[in-house]
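Student: My questions all concern the structure below.
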Amino acid sequence: LQKSLSETFGADQYSRARKEVLTYMFSRPMQMALYFCTGVLEDETLFHHYALNVPFYTHFTSPIRRYADIVVHRLLSASLGARSPLRMEKEAIQKQADHCNDRKMASKRVQELSADLFFSIFVRVRP
């Protein structure tokens, strides 16, 4: 597949842009990760990370980037005994996770529409 794609990209002045757009379009159908509170899910198979093939997985980045990462940092710190437990019910944590998922989906949709617009313009100006 990679060889076939590389041939499609070409070697002209538009090859890099073509590569970025097509790579993005091919990866778009992949399932997006979702935030959730483990305390509200009973099916532990939902904790599985498909690509890494691990049964339990959590992800976070620097806590200055996203609210969800701050919550994960606080929960991990509490579970390690480095801080007091969060004073939030699991349903409230899930509500926050749902809100973060909604915002992430909206952002992804805007990104997709932007890529579609770029691709449409690219196709229109290309002979």
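The values are calculated or read from the model by the stated rules, or taken from the named source; none is laboratory data. What you see is a predicted model; the values in this text were computed from it and never measured. With ideal geometry, Cβ positions are generated from the backbone for all residues, glycine too; neighbour counts draw on all protein chains shown. We work out accessible area using only protein heavy atoms, side chains counted, and drop any ligands, DNA or RNA first. Shrake-Rupley method; radii C 1.70, N 1.55, O 1.52, S 1.80 Å.
Student: Since Tyr24 meets every condition but one in (1) open to solvent by less than 60 Å² (accessible area, probe 1.4 Å); (2) farther than 30 Å from Arg126 by Cβ; (3) of a type outside the set (Lys, Arg), which condition does it not meet?
Tutor: (2)
Student: Could you grab the pairs with beta carbons closer than 6 Å, sequence gap of 6+ or different chains, first residue in segment 105-118 and touching a residue at least 24 places away in the same chain (Cβ under 8 Å), second one open to solvent by less than 100 Å² (accessible area, probe 1.4 Å)?
Tutor: Sorted first by the residue in segment 105-118, then by its partner, the pairs are Ala115/Tyr24.
Student: Of all residues in segment 49-81, which are exposed (fewer than 13 other Cβ atoms within 10 Å of the Cβ) and either more than 19 Å from Asp98 (Cα to Cα) or in contact with a strand residue (DSSP E or B) (Cβ under 6 Å, 6 or more places away or on another chain) (or both)?
Tutor: Within segment 49-81, Tyr50, Ala51, Leu52, Asn53, Val54, Pro55, Phe56, Ser62, Ile64, Ser79, Leu80, Gly81 qualify.
Student: Only one of (1) outside any loop (DSSP other than H, G, I, E, B); (2) charged (D, E, K, R); (3) within 30 Å of Ala17 (Cβ to Cβ) fails for Asp98. Which number is that?
Tutor: Of (1) outside any loop (DSSP other than H, G, I, E, B); (2) charged (D, E, K, R); (3) within 30 Å of Ala17 (Cβ to Cβ), only one is false for Asp98: (3).
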